[in-house]
Amino acid sequence: MPSISTEAPSAADLPVIAVVGPTGSGKSDLGVALALELGGEVINADSMQFYRGMDIGTAKIPDAERRGVPHHLLDILDVTDEASVSAFQTAARKLVEEIRGRGRFPVLVGGSGLYVRAALDVLEFPGTDPAVRAGIEAELETRGLPALQARLRDADPVSAERISDARRVVRALEVIELTGRPFSSFMPVREYVSPAVQIGLGVERPVLHDRLARRVDAMVEQGLLEEVRRLEPAGLRTGRTASRALGYAQFLAVLDGKATVAEATDATVVATRQFARRQLTWFRADPRITWVEHNDPDLLAKAVAAVCPGRPASILDR
């Protein structure tokens, strides 16, 4: 963890402040508070908040709650576009340098674990080739997933142990064919590409479950069904990434007459809780994260101390 002196730091010394944790833990609010306290700008790392029009169901922070803090990488994709971790990495790292160049702290906020690591860590993304991928997908269609899994075990047993769904197996075989390297060699390592501090928001599981249920209920009251109805003609149903967003898939079923609003609400709550559990598993595995309870009365002070240990509070007044 870098120590920030009381002298004016150089741009390269300003760490990226990453606010992470499960959905519904208050990351957006803490990100804004840190940006205001330290002088920073927020970079969104929630993959579903990239999409224009997906506001209610992604809990996108409204303009008024941004409190004048610049927010980047919100509303950059149409619902028919596919989100790309590689493209995000390029855009996020460019923004980090630009924000540092302005003498401000980059504040990365989001619960999409791989996107956070793509911005912060040594992580290489191999290219893609539509023709190669199409050939492997054709093999999947004719020979089935077990045959491709067997092929992956022969070429890269480490990856074969880690992945099982068809899409990722196809991707692993594509990378192996294109690069001649095991897919597992491209896995991220816990090494920052530049100074960074990660702050995790902890929430006790029963409290988080209750918060998530109330959050989904609020989304429904705010018009989640109407938002889905408006986005469906724009291509929500066919978007490879957007269509899988929590709440949107469930409420498309309401439009199709396959679920009631109450059933879609319950299904969204269950799916959101499951997603939050996976997020916690991902982030808890990273020993570099400083955890602070979401309801700690000294939350902001502790977060600031994690970024600037030993720095007098008076210097933080802006």
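A few points about this structure:
- Of all residue pairs spaced 6 or more apart or on separate chains, those with beta-carbon atoms under 6 Å, a first member in region 233-261 that is in contact (Cβ under 8 Å) with a residue 60 or more places away in the chain and closer than 17 Å to GLN49 by Cα and a second member that is polar (S, T, N, Q) and surrounded by 20 or more Cβ atoms within 10 Å (Cβ to Cβ) are LEU246/THR272; GLY247/THR268.
- Options VAL254, VAL269, VAL261: the member that is closer than 23 Å to GLY21 by Cβ and at pLDDT 95 or above: VAL269
- Of the residues making up region 51-76, those that are in contact (Cβ under 8 Å) with a residue 60 or more places away in the chain and either of a type in the set (A, V, I, L, M, F, W, C) or closer than 20 Å to VAL197 by Cβ (or both) are MET54, ILE56, ALA59.
- Residue list for region 168-192, filter: surrounded by 15 or more Cβ atoms within 10 Å (Cβ to Cβ) and either free of Cβ contacts under 8 Å to residues at least 12 places away in the same chain or outside any helix (DSSP H, G or I) (or both): PRO182, TYR192
- Exactly one residue out of LYS60, LYS94 is more than 28 Å from LEU280 (Cβ to Cβ) and modelled with pLDDT of 95 or more, and it is LYS94.
- Count - residues of region 225-242 that are surrounded by 14 or more Cβ atoms within 10 Å (Cβ to Cβ) and out of contact with any Phe, Trp or Tyr (no Cβ under 6 Å at 6 or more places or on another chain): 10
- Applying a threshold of 8 Å to beta carbon distances and a minimum spacing of six or more residues, or different chains, the list of pairs starting in region 204-230 at a residue that is in the same structural domain as ALA59 (by TED's automatic domain parsing) and ending at one that is charged (D, E, K, R) and part of a helix (DSSP H, G or I) reads LEU208/ARG273; HIS209/ARG273; LEU212/ARG273.
- The set of residues in region 193-215 being within 19 Å of the chain's Cα centre (by Cα), aliphatic (A, V, I, L, M) and assigned to a helix (DSSP H, G or I) consists of LEU208, LEU212.
- Qualifying residue in region 252-266 (condition: part of a helix (DSSP H, G or I), within 22 Å of SER47 (Cα to Cα) and of a type in the set (Asp, Glu)): no
- Each residue in region 138-155 was checked for being surrounded by fewer than 12 Cβ atoms within 10 Å (Cβ to Cβ) and of a type in the set (Asp, Glu), and 2 of them qualify.
- Residue within region 24-38 that is in the same structural domain as LEU236 (by TED's automatic domain parsing), over 18 Å from LEU201 (Cβ atoms), touching a residue at least 24 places away in the same chain (Cβ under 8 Å) and surrounded by fewer than 21 Cβ atoms within 10 Å (Cβ to Cβ) present: no
- Looking only at residues of region 156-167 that are buried (at least 18 other Cβ atoms within 10 Å of the Cβ) and outside any loop (DSSP other than H, G, I, E, B), we find that the one that is farthest from the chain's Cα centre (by Cα) is ALA160.
- Annotation: of all residues in region 58-76 being farther than 23 Å from PRO15 by Cα and over 15 Å from the mean Cα position of the chain (by Cα), the one that is surrounded by the fewest Cβ atoms within 10 Å (Cβ to Cβ) is ALA64.
- Here VAL42, VAL107 are screened, and the one residue that is touching an Asp or Glu at 6+ places or on another chain (Cβ under 9 Å) and crowded, with 16+ Cβ neighbours inside 10 Å is VAL107.
- Verdict on ARG151 being among the basic types (Lys, Arg), outside the structural domain of LEU34 (by TED's automatic domain parsing), part of a helix (DSSP H, G or I) and touching a Leu at 6+ places or on another chain (Cβ under 7 Å): yes
- Qualifying residue in region 42-50 (condition: under 14 Å from the mean Cα position of the chain (by Cα) and free of Cβ contacts under 8 Å to residues at least 40 places away in the same chain): yes
- Residue match in region 121-129 (condition: touching a Lys or Arg at 6+ places or on another chain (Cβ under 8 Å), more than 29 Å from GLY235 (Cβ to Cβ), aliphatic (A, V, I, L, M) and surrounded by fewer than 21 Cβ atoms within 10 Å (Cβ to Cβ)): yes
- Residue, surrounded by the most Cβ atoms within 10 Å (Cβ to Cβ), within region 80-101, restricted to residues that are in a helix (DSSP H, G or I) and aliphatic (A, V, I, L, M): VAL96
The values are calculated or read from the model by the stated rules, or taken from the named source; none is laboratory data. Just so we're clear, the structure is a prediction, and the values are computed from it rather than from any experiment. All Cβ positions, glycine included, derive from the backbone under ideal geometry; neighbour counts span all protein chains shown.
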